[in-house]
1. Excluding residues fewer than 8 places away in the same chain, name every one of the lysines whose C-alpha is closer than 24 Å to that of G:Lys88.
2. Separation between the B:Gln111 and G:Asp52 pseudo-spin-labels, each 7 Å from Cα along Cα→Cβ, expressed in nm?
3. Which shape class, rounded, prolate or oblate, goes with the protein assembly as shown when its Cα gyration tensor gives a ≥ b ≥ c as root eigenvalues, a/c under 1.5 marks rounded, and past that a/b bigger than b/c marks prolate?
4. Could you size up the charge dipole of the range H:6-155 around its Cα centre, putting +1 on the beta carbon of Lys and Arg and -1 on that of Asp and Glu, and report it in debye to the nearest 20?
5. Quick one: length gained pulling A:Asp131 to A:Met1 fully straight, 0.36 nm per residue minus the C-alpha distance?
6. What's the total accessible area buried between chains F and E, using a 1.4 Å probe, rounded to the nearest 100 Å²?
7. Taking the rotation axis that maps chain B onto chain H, which residue of B brings its Cβ closest to that axis, and at what distance in whole Å?
8. With just the Cα atoms defining each centre, how far is the range E:23-87 from the range G:52-112? Give it in Å.
Number of protein chains: 8
Amino acid sequence: MALAVYLSGEIHTDWREQIISASEGLDVVFSSPVTDHDASDDCGVAILGAEDQKFWHDRKGAMVNAIRTRRGISAADIVVVRFGEKYKQWNAAFDAGIAAAEGKSLIVLSQPDHDHALKEVHAASLAVARDPRQVAQILRYVLTGKLPEAEQMAAE
Amino acid sequence: MALAVYLSGEIHTDWREQIISASEGLDVVFSSPVTDHDASDDCGVAILGAEDQKFWHDRKGAMVNAIRTRRGISAADIVVVRFGEKYKQWNAAFDAGIAAAEGKSLIVLSQPDHDHALKEVHAASLAVARDPRQVAQILRYVLTGKLPEAEQMAAE
Amino acid sequence: MALAVYLSGEIHTDWREQIISASEGLDVVFSSPVTDHDASDDCGVAILGAEDQKFWHDRKGAMVNAIRTRRGISAADIVVVRFGEKYKQWNAAFDAGIAAAEGKSLIVLSQPDHDHALKEVHAASLAVARDPRQVAQILRYVLTGKLPEAEQMAAE
Amino acid sequence: MALAVYLSGEIHTDWREQIISASEGLDVVFSSPVTDHDASDDCGVAILGAEDQKFWHDRKGAMVNAIRTRRGISAADIVVVRFGEKYKQWNAAFDAGIAAAEGKSLIVLSQPDHDHALKEVHAASLAVARDPRQVAQILRYVLTGKLPEAEQMAAE
Amino acid sequence: MALAVYLSGEIHTDWREQIISASEGLDVVFSSPVTDHDASDDCGVAILGAEDQKFWHDRKGAMVNAIRTRRGISAADIVVVRFGEKYKQWNAAFDAGIAAAEGKSLIVLSQPDHDHALKEVHAASLAVARDPRQVAQILRYVLTGKLPEAEQMAAE
Amino acid sequence: MALAVYLSGEIHTDWREQIISASEGLDVVFSSPVTDHDASDDCGVAILGAEDQKFWHDRKGAMVNAIRTRRGISAADIVVVRFGEKYKQWNAAFDAGIAAAEGKSLIVLSQPDHDHALKEVHAASLAVARDPRQVAQILRYVLTGKLPEAEQMAAE
Amino acid sequence: MALAVYLSGEIHTDWREQIISASEGLDVVFSSPVTDHDASDDCGVAILGAEDQKFWHDRKGAMVNAIRTRRGISAADIVVVRFGEKYKQWNAAFDAGIAAAEGKSLIVLSQPDHDHALKEVHAASLAVARDPRQVAQILRYVLTGKLPEAEQMAAE
Amino acid sequence: MALAVYLSGEIHTDWREQIISASEGLDVVFSSPVTDHDASDDCGVAILGAEDQKFWHDRKGAMVNAIRTRRGISAADIVVVRFGEKYKQWNAAFDAGIAAAEGKSLIVLSQPDHDHALKEVHAASLAVARDPRQVAQILRYVLTGKLPEAEQMAAE
């Protein structure tokens, strides 16, 4: 069966595309939250009707998004959570907590300046990667047993 | 049996003490992470030996703290997660994710300016409180069925 | 350990008190939702602040009550669900569904004219009782092995 | 994998067909209880033999139907529960309780005049829809990230 | 997905074949224990080496058979357990207990003269059938909503 | 915490009393089904009303007894199942199946002439004892680490 | 569905290939850890960066390998654990513990001189085989009900 | 509630006593396997009757010991597994696997020369200690938040 990988977290850079393209040829099925920022913010009211209060506007959207998120995490073998440079990104850490509690293999993608703030999340993960290429290399190794050098040599 | 409440998150203000003192007389057992910031950061190396790399220094500490945290959350009926004004506080959101996945009743204690950033965490909670007194009022209501006004009137 | 019994459903008659008083002397711990109708309806806004929309007023209250309800059901050995003569009582049937899914022993207390409408709930229960005294007799039998007649004779 | 959606509740209007036809082109597998009212009522005795007592007639039928219902709910990613204008519909609320306890994403389809009576069920759901079209829009959004307007524009 | 049905119990008559042939055309996958009596008794020693003691001869066989049985039950939606006229058939009742504890839909196939002895097993089942044809009719109803008469009429 | 032991099966001899008295001084809490044969058979109708059909008379009783049995097994560390000389005793084997599926430590108490018929149940057990004294010796060993001889010597 | 078999343990002989080739024609999907010893040892640092300390070098590798191992065990119906002549092989016994706790059918492949040291692992297994051919014979029997002799005779 | 700690593994040195005495004053309940080597080896046959084959002699003992071991691990918050200098100690690694799969907090007590062989077990643990005193310091920190130095200073 294909390896199921859920790509959670930051939605402002193309890290998902980088992982997906670097995983070409592997038997992986990727899923992710809706990454269209406006759609993600407004899905609740757009479908179920407007709200006067921003609080409930947000609640309705977050609940509709949760339908997709929960399914993605619960179907995954591996959950990759990316923490970017900006914003609070509490939803990313929240997804990491769900993934850990459900016994998923957790890979964190983050930069060294966030290491201290992420130490509890790191401690629950099986790998801390610094760039998307490393995540793809892990997926390749998990599926084929091939390490980066071996790959290169085989490719030459 | 006593109501078990785990108080997760921000450790720089006295919100825990406020909840505990406002809950006087209720059959509640509170637990929390180690809130001594230095001890929490250094527990791993202080007990198990120094590390050259800050990354592993942090990892060792986070893993020792996880022994306490996991037990607190898994024994709890209610997990209260407090988000403060400063820092990334990813461990708080991470705890909220674990609590949600384990089916714990989640209460979030946070201010309105964080509502949008916390919308996914809020959507998984059963209450969003703005001050510790409200959390204690919820605990009182859950255990006794008494609302704040009723209490007051009964006290007069 | 004491037998834990959660008494769910209709809150307009004294059926809970009847079961509790008829169970005197048994090692049973009873719990129940908040049965003060006004407190139950308003607990959310009374503690966490008013809402303009009745929909969210109700949501806030139902979520706070869920903290108590979930704990009661999940700690119970037996869940008794009472369906009265009036109202939709969907929360009672909802609690019965939760109890069934969690593998609790379910006792339904209802009248014959509701039998057809309750057939799915009945089919998931271990007993359908018609009056509170029968529920107490079941609790007595489960704990002591004594049947009603035997009791009476022993009492004479 | 296809999104599995179980359509529970009211069987007297064509709401299921509306959702299904409005979901055309989506990778969804729908399932539902037997919606032929007579077959559903009589399946137990028709297959396993007649009963003198209506109570056991109903029990036998409800147990046979439970084989289908349990499978539908337990295989579902999303459980949609429709409450209609008439009848007690306790089986709908019972299914909602099972779905909630099993951690399924719950969507309730109901009208505003039932909001207060359904507040506990609503509080356990991720969306409260008013018409079948909205349910289909949620399914479309969950699978494609497309909101109704975006759809329309794309279609133009 | 196909309905998975495990056929447990008595291995001396052709009841399995009757159910399977009466279920023709339905999307059902049947599984069962090894029904070759000698192979079933001797599989342990035949593969793993002879034993002096009959007790361990039996143990080795029962453990190898358990590999098949556990998989069959755990993959099943429905477990049908047939009790025949002869022998103790404790393995059948044991399988029924496993199926009940794992939340499988249990159908018992037995004759009236065993009803009293089977009352605990019956009480955990969703149907008590008297002949294999009835089991197939249940499978057909569960998958298609068609009752026996409707079938006949449709066939005419 | 005390060792919880559920004593399931045959109710016509005093094997339960033998185990309990031979376990004197150990921190064990024993539980068992109702062993008054008539009460056990009639509890359903005695409390909930008579039935014309023996089948439903039995069903009602078995369901009420299941409230006690399920609680006993689910609270137990160890389930002892005794198979006697007579009767089908399918409820004993059924309890053994539940115990095995719930991961309880299973001890079977049976005679050699039933070994072949019980081989599947034996294969799921951690001990096959021939007399009640051996069961008590196991409980003593599990709690104190003392073997029968060591006990004797210590007692001298 | 194909039988999923995870082959854990010793990586220095060709026992996996022997089982796989002796299982030709059976509907089995085999999986295993990465058996390239160097890749397995170095995967962590090769992908995620070098470590000064051997302890963390090993940790990083073991965590990356755990992504593959956990998935293999958790997807398996049967876990075969092979203990060879040399080394501590604690990872093999560790995998056996995970498999036992997750309720997988466990087959141990080991030699008699290790029987005493492996007695706890053996006691949790459903078969102790001495050579790979026996493992394949078990797989064949589990899937087809055919014993070795029957096979041979059928082949002649 | 007291912290429950199971002390698994090596039984030839006094490491258990060291941890217990260094934990004086803490609210910890320790449990462990039977550490009398002869009793542990012979418990099966001493209670349940002799066996000709050493293989079954060992099996009977290991199964009786499993009753104690499973209960100890499943009741524990923390499982400490000690690997000594000698022997295969596969039962220790097996216990570690069970503890990991059940989500227990795992502490490994081992020496550096075994680090490579234990890397998979280490990677599943929350702490790797080198001497029993460190284990007690972890227990103290988990319960009181006090680190070794703080303790000392407080004692002065």
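The values are calculated or read from the model by the stated rules, or taken from the named source; none is laboratory data. Please read all numbers here as calculations on a predicted model, not as lab measurements. We place every Cβ from the backbone using ideal geometry, glycine too, and count neighbours over all the protein chains shown. Quick note on the areas: whole protein, heavy atoms, side chains included, nothing else; ligands and nucleic acids left out. Shrake-Rupley method; radii C 1.70, N 1.55, O 1.52, S 1.80 Å.
1. In chain and number order, the partners are G:Lys54, G:Lys60, G:Lys104, G:Lys119, H:Lys54, H:Lys86, H:Lys88, H:Lys104, H:Lys119.
2. A separation of 4.1 nm, rounded to one decimal place.
3. Details: a/c = 1.25, a/b = 1.00, b/c = 1.24.
Since a/c stays below 1.5, the shape of the protein assembly as shown is classed as rounded.
4. Working: 16 positive and 22 negative charges, 74 e Å.
Dipole of the range H:6-155, to the nearest 20 debye: 360 debye.
5. Details: separation 130, 0.36 × 130 = 46.80 nm, distance 2.65 nm.
Difference between extended and current length: 44.1 nm.
6. Details: alone 9560 and 9570 Å², together 16050 Å².
It comes to approximately 3100 Å² buried between F and E.
7. B:Met1, 7
8. 28 Å
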